Amino acid sequence: MTTLRPRALILHAPGTNRDAEAALAFRQAGADAEIVPLNVLRAGQRRMHDYAILVVPGGFSHADALGAGKLLALDLRTYFAEEVAAFVASGRPVIGICNGFQALVKAGLLRWADNGARDTINVTLTFNAAGRFECRWVTLAAVPSRCFWTAGLDELIYCPVAHGEGRFITKNPQAAEALQAAGQVALVYAGPDGQPAGGAYPENPNGSTADIAGICNPAGNVLGLMPHPEDHVSRYQHPRWMRGEAGQMGLPLFENGVRYAAQVTGW
Amino acid sequence: MALPIHCLVIGARNGVNPAAASLLADAHALGVLALTDLECYTLYFLEGDIPGSDLDRLSVEVLSDPVAQTSAWRSHLGDGVAAFNNAGAQHHVIETAPRPGVTDRVAEEIARCAHMLGVASVRRAATGQRFVLHGVLTDAERHFLARRLLANPVIQRYAFGPIEPSFPEVSQASALVEVIALRELDDAELLAVSRERRAALDLAEMQAVQQYFREAGRDPTDVEFETIAQTWSEHCVHKTFKARITLPRNRPAWHHSLATKDRVGEQIDKPASEVDGLLRTYLRATTDRIAAPWVRSAFVDNAGIVDFDDEFEISFKVETHNHPSAIEPFGGANTGVGGVVRDVLGVSAKPIAATDVLCFGPQALGMDTALPEGVLPPRRVRSGVVAGIGDYGNKLGVPTVNGAIWYDSGYTANPLVFCGCVGLAPKNRHPRQPIAGDHVVVLGGRTGRDGLRGATFSSMPMDAQTGEVAGASVQIGDPITEKGLIEVVTRAREAGLYHAVTDCGAGGLSSAVGEMGSQVGAEVDVTRVRLKYPGLAPWEIWLSEAQERMVLAVPEAALPKLQALCDTFGIEQTDIGQFTGTGRLLARAGERLILDLDNEFLHNGLPQRRLTAVWPAVGPLGPGADLPAMPDYAGLLLALLRHPNLASKADVIRSYDHEVQGGTVVKPLTGAANDGPADACVLKPMGTGGTRGIVLANGLNPEYGKRDAYRMAVSVVDEAIRNAVAAGADPARIALLDNFCWGDPQRPETLGALVAAVRGCCDAALHYGAPFISGKDSLNNEYTGSDGRRHAIPPTLLISALGLIDDVSQSVTTDLKAPGDLLYLLGEPQGRLGGGHLGLLGMPAYTALAEAGEVPDLAEWAPGLYRALHGAIRAGLVRACHDVSEGGLAVAAAEMCIGGRLGMALSVEAAEPLVALFGETNGALLVEVRAEDAGAFERHLAGQPARRIGHVTAGSQLAIRAGGGGLQLPMAELVSAWSTLPG
């Protein structure tokens, strides 16, 4: 009966800790979600191309030793380079959240791709401007972009950030402008009115360049973002539900991804 | 020939490095104003004949981030840096590196990933830090900064200039076993052995050990002696709480408001003048008398357990990690979280929430001269402890959701770090009994010298040398390995792969294997234990408190399945022996027998301690004082809101991930601007069905403890329960945890105060029908400075409440919701100034009042009031609710205003405005109710002390009229005062 639900692979590396929330969000959005430990993939007990969606969730993979997401990126490049490249090339949706975003960026899967030097990583996520880990709720606005995950999202997303290395920066100002011009900026930090935060703390919680909270690849099927929309998929997760406030959930983002996965794979 | 060592120096590429800015601020706070700027670099050392092209590849691909960081290779001696350090130089270099044997996850990962990239020539890796100090600094200033700020000598070395890295070694155990000739020693010599080996055993205990070995006809090995010392330590066996205590004949001086029949102390002591164990006589007796059918396990397991619903049970444990946090704040607090999480894993539960209650010295202290020798500045203790808790909980993915911070000069040398953990498990699935033939399996981290003699270390007072001598007692956590343990153990439980499980905590394998095999018996080979580095003697392997290890009793047939699980999650599994069925504990080093002890002696052979208590002086600390003539009530309220005990803790709360696991329904910060205080946290654990949730709250008040330990205990039980009820917890379903932190119980007044506090919390628990399910004590929180002066903590009792709420959608928060709503004051405020926060503002007139006054007493009517309030909450009639506690009515009202960004107009009758506004009390709450619900609410509260005292206003102004006085303050001033950071 449920065979028509696209299957999401939730990648679990040592130190991944928001896998269960991601699985829940994808299930609510209409997917079948399976949490798959990295070593199970390595051992060939599961294969990436059997899934319609690839999710790299939040956490502290390998303790963030050598930098957030760095060693998970090395895992992806060392053990799964071809599989991931084929998955991305097939147009199936990929999402990296928080630590997953950091890993995708540092694996070279999310960058400004049109700069001539194709192998150079020219964007990164580094230590928050305030120099410390911070957990707080932020407002995200989807901006017009190539990203399929955020296409047609007209409502803002209200959800928490929880990171110490979430400041998005580019190698130089031109790279940031080029990224925007290429339609690869998908989500920005915003005020309650939906206007970009303009660099102001705490709306922009970490000092990210141009308020960038999430970017996509040129094809639009790979999205990375620092905040946690998977932590706002039910009414009682909203910090002010008891004040009667509701809405701006993260769920539509996941529903978009699942719908898109169904289109691409025909599941 | 020695291999070359390459060193990569990594710095921040653009702009200011936030870590450097924060260190610079700390240096200035420590009084080193000559430091004008500071640069920070990370150092990675690689040993091996590594080609330059491989070095560059490693640097670009994994070791540095080319977009955000600069990086450069140097020969490890550092070209020319020494020249910086001449006298009068404008730049100075200080480099640091971990001491040998200190856990260094990053170094391990460097070696691993070099091999992943195919750079096989990397033999070993190590890490360090480099600081470039700008400004003309003296040698003394540089040493001071190095010791106090840049390095902690307990775990790190430092050098002026390039530092030699310490590389981990490949491991092999030493075979050295010493025999301790005990049998012929006289009393003085026995005590000398206890002292030399830091065993913390008194004469009667040493004599019992001697007697056992005389009967055995041989002397103990060091392995045996150390095992007994750890097993019998205060930390492991709670000698004081099990001691036979002689009580004074005179009646205690505290004032009861309870009828005699409700006082557990009176019932059991009278006419006896002895108590046979505080734990058994009072705490357990209280739980037994309450006999709540929903308590699944109290005082027996690693954590207390209660029913959640038909499917799940919840476990809760709170531990302290005080001594380790005093000498290495980050590592001490870090492993404090790790330890209590393993307690919960030790009852086969999944950790779902963490709590932290912290007591520090005043943050303004910091100049070297103001501190006892060997004591870290409170500012550094605080930042290290908070970072350590955040690091562990955040990486583990366990939300830190409830806590408190208290500042008092009594905590300067002895900070307190209470770490709690809540677990969730399917009901009755925790296996508890090993079977003969089961394998003794160690899971998780490797064993090193970390934490040797930690149990006895934490059972002794500290002195100026403690940091140096006990360096080995400090551990550094590895939360990612612990995360792997959680994945493996919870799945192994589901698959039924073990018959018993426990954590390796104090006493290491000796305690874990000893306790698990205390009936069935066990035999292990210590040479099978995997080591971090070579040279550990058998007793060190057996006693090491290396973190992130669990011990399981695994039937032979399940070993391959468990191994497969471990492989999936990258956890090491080591089979070190078997449970035997002989009832004896045996350890071998290869073929050689190094430990052979009768379990009966090990676990029941400890002579009961005999202690004597005298009732402490109770009541006012000072002579009577007059109320000041013309108080500035508004100014006092702002000063209270600025006091670090009461001011916003948002900076700390936000450094913890309180959202992970997606179940935090009432967060630690609430209200219109997400910055108001919460009385309690409400969780809806992921994976549970229905609407039921967990409520977590706590109570702590050492200021009362200085004056009256009995009433302090009564008050903190009330505060914890009141906070939980205010958030919506069912008062009939609240379980309590007790954590006593006290001074040296050998002193009769200190012990008397402890007895009083135990009786107080038991009286209150009985009164509220809230059973204790777990408890822990940390005694000897004293510090003798090199001047010979004793620095003891104030008597401190933390009560943690674990409540249930049937429907999380009925949770209540403290923030005001809408103008026009009515405000009710519930309870009869006792208006006590004794021990009140008015006395902590540095204003002599008010300090005198707080010294002269009485502290709040048990509110006899409170249980009925809380039941009635809960009924009103269930009926949906309560929009906001906040307890009236430290700082009294005015502070409670201000906090509700701040949370809702709404005003309040209150009017209370008062003979004395100061008392009405700021007097402290038990049992009182301030409640917001819709005007149209007034009738229904009042019917629910019929017969209870409750009165309407005002309403919510749109005008963003707090206005309170109290008799002939009062105050008016605008929101901006309230928010600004309350947002003041400590120090």
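Numbers for the structure displayed
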{"read-out": "Any hit, segment B:921-933, residues being farther than 26 Å from B:Pro631 by Cβ, small (Gly, Ala, Ser) and at pLDDT below 95", "value": "no"}
{"read-out": "Residue list for segment B:714-752, restricted to those being open to solvent by less than 10 Å² (accessible area, probe 1.4 Å) and of a type in the set (Gly, Ala, Ser)", "value": "B:Ser715, B:Ala720, B:Ala724, B:Ala726, B:Ala727, B:Gly728, B:Ala729, B:Ala735, B:Gly743, B:Gly752"}
{"read-out": "Pairs with Cβ under 7 Å, 6+ apart, first in segment B:5-29 and at positive phi, second of a type in the set (Lys, Arg)", "value": "none"}
{"read-out": "Segments classed as strands (runs of 3 or more DSSP E), wholly inside segment B:908-983, with at least 1 members that are open to solvent by 60 Å² or more (accessible area, probe 1.4 Å) and either small (Gly, Ala, Ser) or within 30 Å of B:Arg874 (Cα to Cα) (or both)", "value": "B:946-953"}
{"read-out": "Tally of residues being at pLDDT below 95 and within 11 Å of another protein chain (Cβ to nearest Cβ) across segment A:132-160", "value": "1"}
{"read-out": "Residue count, segment B:672-686 (criterion: out of contact with any Asp or Glu (no Cβ under 7 Å at 6 or more places or on another chain) and more than 10 Å from chain A (Cβ to nearest Cβ))", "value": "5"}
{"read-out": "Meets criteria (touching a residue at least 40 places away in the same chain (Cβ under 8 Å) and either surrounded by 22 or more Cβ atoms within 10 Å (Cβ to Cβ) or in a helix (DSSP H, G or I) (or both)) for B:Ala892", "value": "no"}
{"read-out": "Unique residue being without any contact (Cβ under 8 Å) to a residue 40 or more places away in the chain, open to solvent by less than 20 Å² (accessible area, probe 1.4 Å) and not in a helix (DSSP H, G or I) when the list is A:Leu66, A:Leu74", "value": "A:Leu66"}
{"read-out": "Failed item, numbered, when B:Leu452 is tested on (1) open to solvent by less than 10 Å² (accessible area, probe 1.4 Å); (2) at pLDDT below 90; (3) among the hydrophobic types (A, V, I, L, M, F, W, C)", "value": "(1)"}
{"read-out": "Candidate set: segment B:661-671, residues that are within 25 Å of B:Asp718 (Cβ to Cβ) and assigned to a loop (DSSP other than H, G, I, E, B); chosen: the one nearest to the other protein chains (Cβ to nearest Cβ)", "value": "B:Lys667"}
{"read-out": "Within segment B:754-771, tally of residues that are open to solvent by 10 Å² or more (accessible area, probe 1.4 Å) and aliphatic (A, V, I, L, M)", "value": "1"}
{"read-out": "Residue within segment B:569-584 that is surrounded by fewer than 24 Cβ atoms within 10 Å (Cβ to Cβ) and in contact with a Phe, Trp or Tyr (Cβ under 8 Å, 6 or more places away or on another chain) present", "value": "no"}
{"read-out": "Of all residues making up segment B:189-206, the number that are open to solvent by 70 Å² or more (accessible area, probe 1.4 Å) and out of contact with any helix residue (DSSP H, G or I) (no Cβ under 7 Å at 6 or more places or on another chain)", "value": "3"}
{"read-out": "Selection count where residues are over 15 Å from B:Glu912 (Cβ atoms) and open to solvent by less than 10 Å² (accessible area, probe 1.4 Å), scope segment B:822-838", "value": "7"}
{"read-out": "Subset of segment B:99-129 [at pLDDT 90 or above and over 23 Å from B:Arg57 (Cβ atoms)]", "value": "B:Gln129"}
{"read-out": "Residue that is nearest to the other protein chains (Cβ to nearest Cβ) [pool: residues in segment B:39-60 that are surrounded by fewer than 18 Cβ atoms within 10 Å (Cβ to Cβ) and in a helix (DSSP H, G or I)]", "value": "B:Val60"}
{"read-out": "All positions within segment B:30-57 that are more than 20 Å from B:Tyr158 (Cβ to Cβ) and in contact (Cβ under 8 Å) with a residue 24 or more places away in the chain", "value": "B:Thr36, B:Leu46, B:Glu47, B:Gly48, B:Asp49, B:Ile50, B:Pro51, B:Asp54, B:Leu55, B:Arg57"}
{"read-out": "Answer from B:Leu611, B:Leu562, B:Leu606 - the residue that is modelled with pLDDT of 90 or more, in a loop (DSSP other than H, G, I, E, B) and surrounded by 17 or more Cβ atoms within 10 Å (Cβ to Cβ)", "value": "B:Leu606"}
{"read-out": "Strands (runs of 3 or more DSSP E) enclosed by segment A:129-208 - at least 2 residues per element that are in contact (Cβ under 8 Å) with a residue 40 or more places away in the chain and within 21 Å of A:Lys106 (Cβ to Cβ)", "value": "A:157-163, A:167-170, A:185-190"}
{"read-out": "Considering residues of segment A:18-50 that are open to solvent by less than 20 Å² (accessible area, probe 1.4 Å) and part of a loop (DSSP other than H, G, I, E, B) only, the residue farthest from A:Leu72 (Cα to Cα)", "value": "A:Ala29"}
{"read-out": "Residue count, segment B:13-38 (criterion: open to solvent by less than 50 Å² (accessible area, probe 1.4 Å) and over 34 Å from the mean Cα position of the chain (by Cα))", "value": "2"}
{"read-out": "B:Pro616 being open to solvent by 20 Å² or more (accessible area, probe 1.4 Å) and either part of a loop (DSSP other than H, G, I, E, B) or within 14 Å of chain A (Cβ to nearest Cβ) (or both)", "value": "yes"}
{"read-out": "Residue that is farthest from the other protein chains (Cβ to nearest Cβ) [pool: residues in segment A:218-234 that are open to solvent by 10 Å² or more (accessible area, probe 1.4 Å) and not hydroxyl-bearing (Ser, Thr, Tyr)]", "value": "A:Ala219"}
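The values are calculated or read from the model by the stated rules, or taken from the named source; none is laboratory data. The structure presented is a predicted model; accordingly, all values stated were derived computationally and were not measured. Glycine also receives a Cβ, built like all others from the backbone with ideal geometry; neighbour counts cover every protein chain displayed. These area figures cover heavy atoms from the full protein model, side chains too; ligands, DNA and RNA do not enter into them. Shrake-Rupley method; radii C 1.70, N 1.55, O 1.52, S 1.80 Å.
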